[in-house]
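The values are calculated or read from the model by the stated rules, or taken from the named source; none is laboratory data. The structure presented is a predicted model; accordingly, all values stated were derived computationally and were not measured. We place every Cβ from the backbone using ideal geometry, glycine too, and count neighbours over all the protein chains shown. Just the protein is used for accessible areas: all its heavy atoms, side chains included, with ligands, DNA and RNA removed. Shrake-Rupley method; radii C 1.70, N 1.55, O 1.52, S 1.80 Å.
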Amino acid sequence: MLKEILLNSENYQPGLSIDCVIFGFHDNQLKVLLIKTSYDNKWSLPGGFVPIKEDIDTAAVTVLNDRTGMQGIFLRQFATFGSIKRKDPNFDSTVLDYFEIPKDAGQWFTQRFVTIGYYALVDFLKAIPQKEDNHEIIEWIDHKEVPELILDHKEILDKALHTLRIELNLMPIGYNLLPEKFTIPELQKLYETILDKKLDRRNFLRKITHIGILKKLDEKKSNVAHKAPNLYTFDKDKYEEVLKNGLNQGW
């Protein structure tokens, strides 16, 4: 895919790229989808370039769909990154040498790229990581155990997580990260994992109930050792309404 882009660079916007931080939640861990390419030992965020005849948001959706196999993903643009360190001659040479592309033919790639950062929230169990080729590795990794990343991708990841934590005070989180049915302790654990702090159980229940986005089901969680907790689901209409109008509270 990258080689094809390099050989047809006239179809892509010069100096502009997209990097996506894709979050999933599983086994009480906030995970991020990372890629190790065939041409570098470091990991990277999923990303891509912007076709000249395509909107930036559309290009980002394409990256997410291609990498998760999912449609209708929650997606938010959160920052632009354009520091001088985004141009790394050693990295550029490694890529061009791997694809056997002469440096004069790869000048489009060796310029500095300003990248637009997006973060996405997906259902871990529904997302199926998609490789571009058989030599590529794509895996979910706990956000606290992220290995060394290329260029400024660690900065992009950290900024995405920081933005997500701030926006927990402005919008509901969970619809895209939890299964359809869940318990209050599971929802609270999601918030605690993102915020990286413990929350008071009663205070959390009061606040999350006050928002009005939950529907209590006539079901209890099965296969638990102690008293089975009640199951809940999100009220999609009310969730979308709160998402549109925003919250005004802290955690």
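Using the Cα centre of segment 80-162 as the reference point, and only Cβ charges (+1 on K/R, -1 on D/E), how large is the resulting charge dipole? Debye, rounded to the nearest 20. Can you show the working numbers first?
Working: 10 positive and 16 negative charges, 83 e Å.
Magnitude of the dipole: close to 400 debye.
Based on the alpha-carbon gyration tensor of segment 19-74 and its eigenvalue square roots a ≥ b ≥ c, which shape applies: rounded if a/c is under 1.5, prolate if not and a/b is larger than b/c, or oblate? List each step's numbers first, then the result.
Values: a/c = 2.71, a/b = 1.26, b/c = 2.15.
Oblate shape, in that a/c is at least 1.5 and b/c is the bigger or equal ratio.
Using a 1.4 Å probe over the heavy atoms of the protein chains, calculate the carbon and sulfur portion of the accessible area of the chain as a whole percent.
Details: 6360 of 13620 Å².
The computed percentage sits at 47.
Let me know the volume per residue of the alpha-carbon convex hull for the chain, in Å³. Intermediate values should be presented prior to the final figure.
Working: hull volume 35.1 nm³, N = 251.
Taking the convex hull of the Cα positions in the chain, it is 140 Å³ per residue.
Could you check what % of the DSSP bridge pairs in the chain are antiparallel, to the nearest 5?
Values: 28 of 37 bridges.
Of those bridges, close to 75 percent are antiparallel.
With +1 assigned to the C-beta of every Lys and Arg and -1 to the C-beta of every Asp and Glu, and no other charges, what is the dipole magnitude of the chain about the Cα centre in debye, to the nearest 20? Intermediate results must be reported in sequence, preceding the final value.
On the way: 34 positive and 37 negative charges, 291 e Å.
So the magnitude is around 1400 debye.
As an exercise, identify the GluC sites (Glu not before Pro) in segment 140-209 lying in DSSP coil whose Cβ has no more than 14 other Cβ atoms within 10 Å. Provide the component values of the computation, followed by the final result.
Working: sites: Glu145, Glu148, Glu155, Glu167, Glu180, Glu186, Glu192; in loops: Glu145, Glu148, Glu180.
Passing sites in segment 140-209 are Glu145, Glu148, Glu180.
What stretch of the chain, leaving out the sites themselves, is the longest with no trypsin sites (Lys or Arg not before Pro) in a DSSP loop having at most 16 other Cβ atoms within 10 Å? It would help to have the intermediate numbers written out before the result.
Values: sites that count: Lys42, Lys53, Lys87, Lys103, Arg112, Lys126, Lys131, Lys144, Lys181, Lys197, Lys198, Lys221, Lys227.
Result for the longest clean stretch: 1-41.
Can you find, among Ile138, Leu149, Thr183, the residue sitting farthest towards the positive end of the charge dipole of segment 132-251, where Lys and Arg contribute +1 and Asp and Glu -1 at Cβ?
Projecting each Cα onto the dipole axis, the largest value belongs to Thr183.
Using alpha carbon centroids, what distance separates segment 1-37 and segment 87-156, in Å?
Centre-to-centre (Cα) distance: 6 Å.
Would you kindly calculate the translational diffusion coefficient of segment 75-202, applying Stokes-Einstein with the Kirkwood radius from alpha carbon pairs, for 4 °C and a viscosity of 1.567 mPa s, and quote it in µm² s⁻¹ without decimals?
Numbers: Rh = 17.8 Å.
After rounding, the answer is 73 µm²/s.
What Kirkwood hydrodynamic radius do you get for segment 51-90 when you take the inverse of the mean 1/r over all pairs of distinct Cα atoms, in Å?
On the way: mean 1/r = 0.0808 Å⁻¹.
About 12.4 Å, per the Kirkwood formula over Cα pairs.
Compute, for segment 153-246, the length of the dipole vector about the Cα centre, with Cβ point charges of +1 (Lys, Arg) and -1 (Asp, Glu) only. Units Debye, rounded to 20.
Values: 19 positive and 14 negative charges, 86 e Å.
Once rounded to the nearest 20, the dipole reads 420 debye.
Probe of 1.4 angstrom, ligands and nucleic acids ignored: what's the accessible area per residue over the chain, in square angstrom?
That works out to 54 Å² per residue.
What number comes out for the charge environment of His143, summing +1 per Lys or Arg and -1 per Asp or Glu over other residues with Cβ under 10 Å away? Before the final figure, lay out the partial values.
On the way: positive: Lys31, Lys144; negative: Asp142, Glu145, Asp158, Asp196.
Here the charged neighbours net out to -2.
When the chain is fully extended, how far beyond the present Cα-Cα distance does Val114 get from Asp88, taking 0.36 nm per residue of separation? All intermediate terms of the calculation are to be shown ahead of the outcome.
Numbers: separation 26, 0.36 × 26 = 9.36 nm, distance 1.29 nm.
Gain in length upon complete extension: 8.1 nm.
Over its Cα atoms, what ratio of radius of gyration to 2.2 N^0.38 Å does segment 153-244 give?
Numbers: Rg = 14.3 Å, N = 92, 2.2 N^0.38 = 12.3 Å.
Dividing the Cα radius of gyration by 2.2 N^0.38 Å gives 1.17.
Remind me, what semi-axes does segment 7-103 give for its equivalent ellipsoid, largest first in whole Å, using sqrt of 5 times each Cα gyration tensor eigenvalue?
Details: eigenvalues 124, 68, 35 Å².
For segment 7-103, the ellipsoid semi-axes come out as 25, 18, 13 Å.
Counting Lys +1, Arg +1, Asp -1, Glu -1, what net charge surrounds Phe81 among other residues with beta carbon under 13 Å of its beta carbon? Don't skip to the answer; put the middle values down first.
Details: positive: Lys85, Arg86, Lys87, Arg112, Lys154, Lys159; negative: Asp19, Asp152, Glu155, Asp158.
Here the charged neighbours net out to +2.
Would you please name the GluC sites (Glu not before Pro) within segment 1-104 that are DSSP coil residues with at most 16 other C-beta atoms within 10 Å of their C-beta?
Glu54, Glu100
May I ask you to derive the relative contact order of segment 1-85, considering only C-alpha pairs under 8 Å and at least 6 residues apart, and to give it as an integer percent? Walk me through the numbers on the way to the answer.
Details: 81 pairs, mean separation 21.1, N = 85.
Contact order relative to length: 25 percent.
Over the chain, what is the relative contact order in percent, taking alpha-carbon pairs closer than 8 angstrom and at least six residues apart? Don't skip to the answer; put the middle values down first.
On the way: 388 pairs, mean separation 56.4, N = 251.
Worked out over the chain, it gives 22 percent.
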